[in-house]
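Data first, discussion second: the structure below is written as structure tokens.
Any read-out appearing in this document is the output of simple, stated calculations on the displayed coordinates, not a laboratory observation. Here the structure is a predicted model, which is why all the values come from computation and not from measurement. FYI the Cβ positions are ideal-geometry reconstructions off the backbone, even for glycines, and counts take in every protein chain you see.
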């Protein structure tokens, strides 16, 4: 059974803390994505990676960075967490094949106080 | 870039009724149109998809139709059941270069027993 896992389901951090969200996929997919999900705003792309050590900015990259040192792992980093980064974070992966299904993780609910 | 509009944002139906969710897209180069279902506490999961060389696709109680000329596609669920209650997202993927889908903002479907 294909799987995308995220390191935490729930996370509470203080303003100014550095936050790491980890995502691992076991499907040997080339593409990995980080989305933010907020009520009424749908899924907004933060960053995208199409290969190891490669990354592209999405629609809302400000305040975030990413790291992809291994094919199966894609990390989202909040350098200095702020309250407006309280949200649900979803990781996804897909193959390089054009028009390819995305597989999503269960999400991490991050609260910044 | 691509822009995907999804309507309605909320849909309430009685068990056994049909439900229809509609999406429009702007980029005529898009050629892959997936639909995802997100149940409470889970990540989105693909339920059906359609490519631009096909006008309709069915899978048991769900179907998707695509009108390339009008640039719209729709999800149809017949004989709705309480377990169909979820948030549904449509998406469109461009044909050239990028494999990044653009998502609609989602439809919350509530099926009343």
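Look at (1) more than 14 Å from chain A (Cβ to nearest Cβ); (2) on the phi < 0 side of the Ramachandran plot and you find that residue B:71 fails only one, number (2). Check the stretch A:52-71 and report whether any residue there is farther than 30 Å from residue B:30 by Cα, in a loop (DSSP other than H, G, I, E, B) and within 9 Å of another protein chain (Cβ to nearest Cβ). No: zero hits. For the stretch A:94-113, a residue qualifies if it is more than 7 Å from chain B (Cβ to nearest Cβ) and under 10 Å from the mean Cα position of the chain (by Cα), and exactly one does: A:108.
In the stretch B:1-47, of all residues being within 27 Å of residue A:3 (Cβ to Cβ) and out of contact with any strand residue (DSSP E or B) (no Cβ under 7 Å at 6 or more places or on another chain), the one that is farthest from the other protein chains (Cβ to nearest Cβ) corresponds to B:40. Restricting attention to the stretch B:17-50, the residues being over 27 Å from residue B:83 (Cα atoms) and part of a strand (DSSP E or B) number 3.
For the residues A:74, A:33, A:48, the requirement of being more than 14 Å from every other protein chain (Cβ to nearest Cβ), surrounded by 19 or more Cβ atoms within 10 Å (Cβ to Cβ), touching a strand residue (DSSP E or B) at 6+ places or on another chain (Cβ under 9 Å) and in a strand (DSSP E or B) singles out A:74.
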